[in-house]
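The values are calculated or read from the model by the stated rules, or taken from the named source; none is laboratory data. The model shown is predicted, which means the values in this text are computed figures rather than measured ones. Heads up, the Cβs are rebuilt from the backbone with ideal geometry, glycines too, and the neighbour counts pull from every protein chain shown. For accessibility, only protein heavy atoms count, side chains too; no ligands or nucleic acids. Shrake-Rupley method; radii C 1.70, N 1.55, O 1.52, S 1.80 Å.
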Amino acid sequence: MFEMFNPERADPKAVHRVKTLVSEKFVLDAGTILSVVELRCLEADCPPVETVITARKCDGSVRDWRIPKAVNDIERADIEMLSSQL
């Protein structure tokens with residue numbers, strides 16, 4: 001059966017690197033919770049692999065970004081292209 005979440009975990013070092021790059025770009029405070037999830041999709045209108053990054057701030061605001069790449073393939077340039085609104 002097809003699963004949306006990749007059964008193989010992303011490299012923890014790659015996840016940490018992505019979180020660090022996002023934290024630096026958006027100057028997130030220590031109270032912001034970041035999650036990084038790699039998803040797989042077989043539907044026609046979505047990329048086959050996508051990384052979703054979610055920031056939850058202490059004030060209750062939530063922001064999601066989507067990058068059509070595996071976590072291990074995300075580079076600084078991908079993070080720099082994300083919208084600066086949080």
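Provide a single number: the residues in the stretch 7-46 that are farther than 11 Å from Val71 by Cα and not charged (D, E, K, R).
The total comes to 18.
Which ones in the stretch 16-38 are more than 10 Å from the chain's Cα centre (by Cα) and in a strand (DSSP E or B)?
Passing the criteria: only Ile33.
Outside any helix (DSSP H, G or I) and open to solvent by less than 90 Å² (accessible area, probe 1.4 Å), is that true of Cys46?
Considered against the rule, which asks whether it is outside any helix (DSSP H, G or I) and open to solvent by less than 90 Å² (accessible area, probe 1.4 Å), Cys46 comes out as yes.
Cβ-Cβ under 6 Å, sequence separation 6+ or interchain: first residue in the stretch 28-44 and more than 10 Å from Arg56 (Cβ to Cβ) and in contact (Cβ under 8 Å) with a residue 12 or more places away in the chain, partner open to solvent by less than 70 Å² (accessible area, probe 1.4 Å) and not aliphatic (A, V, I, L, M). Which pairs?
These pairs meet every condition: Glu38/Asn6; Glu38/Thr51; Leu39/Glu50; Arg40/Asn6.
Take the residues in the stretch 5-15 that are more than 20 Å from Ser83 (Cα to Cα) and under 15 Å from the mean Cα position of the chain (by Cα), then tell me which one is modelled with the lowest pLDDT.
Step by step, filter the stretch 5-15, then rank; the result is Asn6.
I'd like to know if the stretch 57-69 contains one or more residues that are open to solvent by 60 Å² or more (accessible area, probe 1.4 Å) and touching a helix residue (DSSP H, G or I) at 6+ places or on another chain (Cβ under 9 Å).
yes
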